[in-house]
Amino acid sequence: MKAIRRFSSSARRAALPDPEPERRPPVVRLDPVQRIKEFPMIRTLIFGAIAGYVGKKLYDQGKLTAFKNDLTARYNQAKADIATQRADEPTSSTAPATTAAPVRPTVS
């Protein structure tokens, strides 16, 4: 049987080569604005959360209903105006529109 030699910790350190320190890539710290530009999904989530919060507040206050009613009234008014304009135009002047065929480039 072979005898096991035990070294003290200082002798063991002297026997082993000095390990090379770990080389890590430099840590790049981004400012908050650049971080948002760098990761567009995070930006989308942030703005979606803000829009949801604001939308909920507007809905609770009843302002979205007023906006919808105003939009519907404007749409119906515009539709009625177009209908009256079409009714006022003479029907004989509406001939089918003809367009010229598009010019195709020649390959030489």
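The values are calculated or read from the model by the stated rules, or taken from the named source; none is laboratory data. Not measured: the values here are computed from a predicted model. As a convention, Cβ positions derive from the backbone with ideal geometry for all residues, glycine included, and neighbour counts pool all protein chains shown.
Inspection of segment 47-68 identifies no residue that is modelled with pLDDT under 75 and either among the basic types (Lys, Arg) or not in a helix (DSSP H, G or I) (or both). Checking segment 4-16 against the condition returns no match, with no residue being at pLDDT 70 or above and in a helix (DSSP H, G or I).
The residue that is modelled with the lowest pLDDT, counting only those in segment 19-36 that are surrounded by 10 or more Cβ atoms within 10 Å (Cβ to Cβ) and not β-branched (Val, Ile, Thr), is ARG35.
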